[in-house]
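Peer 1: Handing you a structure now.
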Amino acid sequence: VQLQACGGGLVQAGGSLRLSCVASGRTLSSYAMGWFRQAPGKERDIVAAITWNGASTYYADAVKGRFTFSRDNAKNTVYLQMNSLKPEDTAVYYCAAARAIFDYRTAVKDYDFWGQGTQVTVSS
């Protein structure tokens, strides 16, 4: 599976962005998906995760209530809607796919395929 993330950019605090991640090579319906982020000098952390059919989602405490993770398997695409952005949300955001059918995954080591990352910068 090849993953291509896009939609990042520069936005003021309080603004919104929508990240997209398009898959090619195989259908995404066989995979649980995740969004991670990595700020300079920090580890890559989970932001949100979703089951193969979108029935269950997970959000890190830092983004709960502000971010929404969704997927459209017919379009082989997942989305991360980010609202009320804060300067601390600044990071490179990565989408990832995990071979998991019935649950989502939250650990970096559980993911099998990664996109190239898209930069999100939130100015204060």
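Peer 1: Just to be sure I understand, how many residues within the stretch 75-89 are over 11 Å from the mean Cα position of the chain (by Cα) and open to solvent by 40 Å² or more (accessible area, probe 1.4 Å)?
Peer 2: Residues meeting the conditions: 6.
Peer 1: Collect the residues in the stretch 95-109 that are under 18 Å from residue 23 (Cα atoms) and surrounded by fewer than 17 Cβ atoms within 10 Å (Cβ to Cβ), keeping them in residue-number order.
Peer 2: Passing the criteria: 99, 101.
Peer 1: Also: Under 6 Å between Cβ atoms, which residue pairs at least 6 apart in sequence (or on different chains) link something in the stretch 95-108 that is touching a residue at least 40 places away in the same chain (Cβ under 8 Å) and part of a helix (DSSP H, G or I) with a partner that is of a type in the set (Ser, Thr, Tyr) and crowded, with 19+ Cβ neighbours inside 10 Å?
Peer 2: none
Peer 1: Which condition from (1) touching a residue at least 40 places away in the same chain (Cβ under 8 Å); (2) open to solvent by 30 Å² or more (accessible area, probe 1.4 Å) is the one that residue 72 breaks?
Peer 2: With (1) touching a residue at least 40 places away in the same chain (Cβ under 8 Å); (2) open to solvent by 30 Å² or more (accessible area, probe 1.4 Å) applied to residue 72, the lone miss is (1).
Peer 1: Right, next: Within the stretch 9-64, how many residues are open to solvent by 10 Å² or more (accessible area, probe 1.4 Å) and aromatic (Phe, Trp, Tyr)?
Peer 2: 3
The values are calculated or read from the model by the stated rules, or taken from the named source; none is laboratory data. Here the structure is a predicted model, which means the values were calculated and not measured. Please note: Cβ atoms are built from the backbone with ideal geometry, for glycine as well, and neighbour counts cover all protein chains shown. Protein only, heavy atoms only, side chains kept; ligands, DNA and RNA dropped before computing areas. Shrake-Rupley method; radii C 1.70, N 1.55, O 1.52, S 1.80 Å.
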